[in-house]
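Novice: Sharing a structure with you now.
Computed from the coordinates by the stated procedures, all read-outs in this text should not be read as laboratory data. Keep in mind that this is a model prediction, so the values were computed, not measured. Cβ atoms come from the backbone with ideal geometry, glycine included; neighbour counts cover every protein chain shown.
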Amino acid sequence: MSLKRKELEILKLINSGKTVDEILLQMKTSERNLRYIIDNLNFYLKKILDKEIEKDKKRLLINLSENELKNFYKEVYENFYTLEQEERAEFILMIFLFVKDVRLSFIEKKLGITRATLKKDIDFLNEVLEKYSLKLESERNKFSIVGNEKKLRHLKALKYLEYRDLEMTYLDKEYIFQNIEMDTLKKLRAIVLEIEKKAGVEFKEDFIKLMEIFLYVSLERVKEKHIIDRKINYKFLVNTPHYEIVKNSLENYLDKKLSYELVHITEYFISGGVTENIEELKESIEKYLDELIIVLRKTFNNSLDYNELSSKLMGYLIPAIYRLKNNFSIKESGERDEFFLLVERYSKDENYLPEKLTENEIFHIAKEIKKHMENEKNRVISLKTLLKIIEKNSEVLDREKLIEELMMEYGKLIKKGL
């Protein structure tokens, strides 16, 4: 008997106060199966924390502090946890991304699986990696991840960020990240801040963290003789002042002759703080968003104001850094609801964007649309503003002017027609 991911997710829902019906709906499980899961959870809760989930008709009750939950997870992950195939594949991916000279026999022992199961897990992982033009393959009995160099660097940087500060995880982070040189990361952070200052821009903290690990990974790959030697917009980028700033800032780390490497890095620094030079991309995204909003209006038959949403999505899609932020996790990142399916169908056929959106970008756009529509429908009319408009027009009533002012302020909330 052991615990799995689904059971631990249910414990979190119970601890957050969700009702039985909410848990059944969210976890797509039956009442009978939920009862079995509760009994299993209670066995380990009693064993580790001397606590149990209490039951009534509509609610399951337990109140664990953050520290208790953390200790429970730690004990379970170390001694009583069964990995599912997705999690085993994630573990294998992390091992081959960060640990050098790993033997398959070590992974089998670590995961407690047979060679046949390991082969199936590698096949499963390769199906995922194929979407990113990557593959885990063997050469002379030595496995490594190969394929699109640019995407491999993105993957490694993002996986480090995903797990670095995560306190509760089944991964042995200490083992997996044992070769990461923290002193080098600190020095690269200083370089990112130096580039920020020289370029006269302001980088967000998330971008700084992303770039320090991306630089680390890029330099590591160059040292291993994996060199990028092509770039479509090379001529444009190599003539920007940002290229000179990046080249000079990295002179002690990267040979100036490796101009394609430097251009590649420069593009991300530009996208992190400067967007005015990406007019062509901006125009393409505007067309994409204009057509998307037409589709939304037709589908939901509404007259909501989408200007704020359009502006928000423009800010999300313009910077090339969002290509760097693609999530390579083998887990889904959202709900495949009607909004997701609508954006997915539209994005599959649109011809404006230079690259097709990834699944995670579609999830993000769908989530923003859903949130925007809910906010617009629930907007509250300000009584103070309404009274001011009425008072201003009360002495000499100008019907047309009053309607004009009301429509200007509350047009989206007023049903048209008299």
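Novice: Cβ under 15 Å from residue 39's Cβ, residue 39 left aside: what net charge do those residues give with Lys, Arg +1 and Asp, Glu -1?
Specialist: Details: positive: 4, 6, 32, 35, 46, 47, 51, 55; negative: 7, 31, 52, 54.
Summing Lys and Arg as +1 and Asp and Glu as -1 gives +4.
Novice: Ordered by packing density, taken as the mean number of other Cβ atoms within 10 Å over each peptide's residues, highest first, how do 249-255, 215-221 rank? Don't skip to the end; give the middle numbers.
Specialist: Values: 249-255: 15.3, 215-221: 21.0.
In descending order of packing, they fall as 215-221, 249-255.
Novice: Give me a comma-separated list of calculated 3J(HN,Hα) values for segment 237-251, in order, Karplus coefficients 6.51, -1.76, 1.60 applied at θ = phi - 60°, integers in Hz, x for any Gly or Pro.
Specialist: Computed from phi, the couplings for segment 237-251 are 5, 5, 9, 8, x, 5, 4, 5, 4, 5, 4, 6, 5, 9, 4 Hz.
Novice: Let me ask something additional. Between residue 336 and residue 222, what length comes free when the chain is fully extended (0.36 nm per residue of separation minus the Cα-Cα distance, one decimal in nm)?
Specialist: 37.1 nm is the gain from fully extending residue 336 to residue 222.
Novice: While we're on this one: Given an 8 Å cut-off on Cα distances and at least 6 residues of separation, report the relative contact order of segment 85-176 as a percent.
Specialist: Values: 66 pairs, mean separation 25.5, N = 92.
Rounded, it is 28 percent for segment 85-176.
Novice: Which of 223, 287 has the fewest other C-beta atoms within 10 Å, and how do the rest follow up to the most?
Specialist: Details: 223 9, 287 14.
The order, fewest Cβ neighbours first, is 223, 287.
Novice: Give, rounded to the nearest 20 debye, the magnitude of the charge dipole that segment 182-273 has about its Cα centre when Lys and Arg contribute +1 at Cβ and Asp and Glu contribute -1 at Cβ.
Specialist: 220
Novice: Compute the distance in nm between two label points, each set 7 Å from the Cα along the Cα-to-Cβ direction, one at residue 349 and one at residue 130.
Specialist: Taking the simple label geometry, residue 349 and residue 130 are separated by 2.6 nm.
Novice: Round to the nearest 0.05 the FRET efficiency obtained for residue 146 and residue 58 when R0 = 60 Å and r is the Cβ-Cβ distance.
Specialist: It comes out at approximately 0.65.
Novice: Using the 10 angstrom Cβ neighbour count as an exposure proxy, how do 45, 161, 341 rank, fewest first?
Specialist: Numbers: 45 20, 161 17, 341 12.
Listing 45, 161, 341 from fewest to most nearby Cβ atoms yields 341, 161, 45.
Novice: Using the Karplus curve 6.51 cos²θ - 1.76 cosθ + 1.60 with θ = phi - 60°, work out ³J(HN,Hα) for each residue of segment 63-75 in order, rounded to whole Hz, and write x for Gly and Pro.
Specialist: 10, 9, 6, 4, 5, 5, 4, 4, 5, 5, 4, 4, 5
Novice: Could you list, in their original order, any pairs among 150/348; 186/371; 74/159; 151/256; 18/159 whose Cα atoms are separated by more than 26 Å? Walk me through the intermediate numbers first.
Specialist: On the way: 150/348 23 Å; 186/371 38 Å; 74/159 21 Å; 151/256 23 Å; 18/159 31 Å.
In this structure, 186/371; 18/159 lie more than 26 Å apart at Cα.
Novice: Listed highest first by mean packing, meaning other Cβ atoms within 10 Å per residue, what order do 96-105, 361-370 come in? The partial results should precede the final answer.
Specialist: On the way: 96-105: 13.6, 361-370: 20.7.
Per-residue mean Cβ counts within 10 Å order the peptides as 361-370, 96-105.
Novice: Just want the ordering: 243, 163, from fewest to most Cβ atoms lying within 10 Å of their own Cβ. Mind showing how you got there, number by number?
Specialist: Details: 243 20, 163 16.
Least to most surrounded, the residues fall as 163, 243.
Novice: Okay, moving on. Here is the link list: 173/225; 12/46; 28/51. Which ones come out longer than 20 Å on Cα distance?
Specialist: Long pairs (Cα-Cα over 20 Å): 173/225; 28/51.
Novice: Listed highest first by mean packing, meaning other Cβ atoms within 10 Å per residue, what order do 147-155, 65-73 come in? Show your work: numbers first, answer last.
Specialist: Details: 147-155: 19.0, 65-73: 14.4.
Order by mean packing, descending: 147-155, 65-73.
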